[in-house]
1. How many residues does segment A:213-244 contain that are at the interface with chain B (Cβ under 7 Å from one of its Cβ atoms) and closer than 21 Å to A:Ser260 by Cβ?
2. Of all the residues that make up segment B:57-85, how many are buried (at least 24 other Cβ atoms within 10 Å of the Cβ) and farther than 22 Å from A:Ala226 by Cα?
3. Kindly establish whether A:Ala26 is within 24 Å of A:Leu249 (Cβ to Cβ), of a type in the set (A, V, I, L, M, F, W, C) and either loosely packed, with under 14 Cβ neighbours inside 10 Å or assigned by TED's automatic domain parsing to the domain that holds A:Leu91 (or both).
4. Considering each of B:Val26, B:Val82, B:Val77 in turn, give the residue that is touching a Gly at 6+ places or on another chain (Cβ under 8 Å), part of a helix (DSSP H, G or I) and facing chain A (nearest Cβ under 7 Å).
5. Does A:Leu138 satisfy the criteria of being surrounded by fewer than 19 Cβ atoms within 10 Å (Cβ to Cβ) and of a type outside the set (Asp, Glu)?
6. Can you find a residue that is in contact with a helix residue (DSSP H, G or I) (Cβ under 6 Å, 6 or more places away or on another chain) and hydroxyl-bearing (Ser, Thr, Tyr) anywhere in segment A:8-18?
7. Which of the residues that make up segment B:32-56 are more than 10 Å from the chain's Cα centre (by Cα), buried (at least 24 other Cβ atoms within 10 Å of the Cβ) and part of a loop (DSSP other than H, G, I, E, B)?
8. Here is a list: A:Ala141, A:Ala110, A:Ala100, A:Ala94. Which entry is farther than 30 Å from A:Ala73 by Cβ and not hydroxyl-bearing (Ser, Thr, Tyr)?
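The values are calculated or read from the model by the stated rules, or taken from the named source; none is laboratory data. Keep in mind that what you see is a predicted model, and the values were worked out from it rather than measured. Backbone-built Cβ (ideal geometry, glycine too); neighbour counts: all protein chains shown.
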Amino acid sequence: TTGIELTYLVAAALFIVGLKQLGSPATARRGNIIAAVGMFFAIIATLINQSVINYEMILVGVIIGSIIGAIAAQKVAMTEMPQMVGIFNGLGGAASALVAVGEFWRLLDAGDKVPFDATFVAILGVFIGGVTLTGSLLAFAKLQGLVSGSPVTFPLQQPFNILLFLSFIAGSVYLFINPANPELFLGLVGLSLVFGVLFVLPIGGGDMPVVISLLNSFSGLAASAAGFILMNNMLIVAGALVGASGIILTEIMCKAMNRSLLSVLFGAFGSAGG
Amino acid sequence: MTTGLLIGLVVFVLASFVGFEVINKVPPTLHTPLMSGANAISGIAVVGALLIAGPKEWNITVILGLVAVVLATVNVVGGFLVTDRMLQMFKKKGA
């Protein structure tokens with residue numbers, strides 16, 4: 001496993017160099033390739049982990065995913081790039097959430113009492129990953145014109161959101177005390193998906209790229225949360241890198257539009273609620 | 001707090017600082033490609049997916065893991081390719 005950890009270290013370093021180079025016009029393309037090489041190393045290192053033996057099915061999954069990803073990347077029009085990034089991002093968030101759900105399920109099935117730590121990070125992973133998935137899908141639908149791009153508000157929206165969030169907290173606390181409760185856990189998964197929709201609903205079309213950038217940061221944090229569940233440093237490092245750099249990029253994008261992040265996220269409430 | 005969790009937290013905080021520092025002045029034309037490249041990196045979820053899909057048996061965890069492998073691979077492959085396409089365009093325009 002020393003080899004695996006060292007390869008992860010190389011991958012993490014390549015991600016950092018890649019991100020750095022992506023920020024400057026002269027090196028951006030090379031930076032992207034460097035990051036891709038880092039990802040290749042991370043995947044290869046994971047495949048030689050001795051607990052990974054399900055090679056046939058994994059190969060099928062990787063091939064299906066690669067074909068879909070390659071075709072989508074090839075077909076998309078240049079003007080539709082932000083929403084394409086949004087949908088890729090949503091899928092990444094979904095993958096992290098599925099990892100959180102799957103690992104929590106495995107711990108439940110194992111029969112022992114699920115440790116507090118594991119329950120906490122599983123809920124965190126499901127929450128961030130779920131919000132990333134549905135938030136990104138709605139952002140895609142808005143930019144693509146599948147639904148109205150204008151901010152959507154409804155009466156008592158904020159009290160409703162707060163009430164829903166409090167019930168999520170209450171459910172989480174109950175799950176800490178009594179983790180052997182798959183129905184409640186699935187309820188929290190469902191609520192997380194609803195939060196993603198509620199989060200993006202009041203935000204307008206022009207601000208959507210900023211929201212996609214913020215959701216991109218979330219998907220990094222979701223990957224980190226999955227890393228905490230599996231105690232895997234590769235996930236934690238790469239997720240934290242994307243989470244932090246995503247926040248900075250979101251701020252830069254807001255500034256370029258002469259907006260503040262708060263006004264992007266809650267602007268609709270200010271104008272409607274007055 | 002377990003030792004593993006503690007080490008994870010240290011790694012997380014330090015990596016976050018690197019993430020904050022690595023992005024400086026980015027010209028507006030690079031905002032979307034940078035977002036897209038970072039998004040491809042967040043496809044690192046594929047590592048988690050591979051790990052939980054790893055055992056050679058059929059149960060809920062393995063099935064969820066395999067679905068996650070597909071989704072994360074779309075994120076990784078699509079993410080890096082679409083970023084490269086965007087950056088290629090810039091080069092053509094500049095030339």
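1. 4
2. 2
3. Details: within 24 Å of A:Leu249 (Cβ to Cβ): yes; of a type in the set (A, V, I, L, M, F, W, C): yes; either loosely packed, with under 14 Cβ neighbours inside 10 Å or assigned by TED's automatic domain parsing to the domain that holds A:Leu91 (or both): yes.
The answer is yes for A:Ala26.
4. Working: B:Val26 fails: part of a helix (DSSP H, G or I); B:Val82 fails: touching a Gly at 6+ places or on another chain (Cβ under 8 Å).
From the options B:Val26, B:Val82, B:Val77, the qualifying one is B:Val77.
5. Details: surrounded by fewer than 19 Cβ atoms within 10 Å (Cβ to Cβ): no; of a type outside the set (Asp, Glu): yes.
So A:Leu138 fails the test.
6. Yes, because at least one residue in segment A:8-18 is in contact with a helix residue (DSSP H, G or I) (Cβ under 6 Å, 6 or more places away or on another chain) and hydroxyl-bearing (Ser, Thr, Tyr).
7. Answer for segment B:32-56, where residues must be more than 10 Å from the chain's Cα centre (by Cα), buried (at least 24 other Cβ atoms within 10 Å of the Cβ) and part of a loop (DSSP other than H, G, I, E, B): just B:Ala53.
8. Details: A:Ala141 fails: farther than 30 Å from A:Ala73 by Cβ; A:Ala100 fails: farther than 30 Å from A:Ala73 by Cβ; A:Ala94 fails: farther than 30 Å from A:Ala73 by Cβ.
Answer to the selection: A:Ala110.
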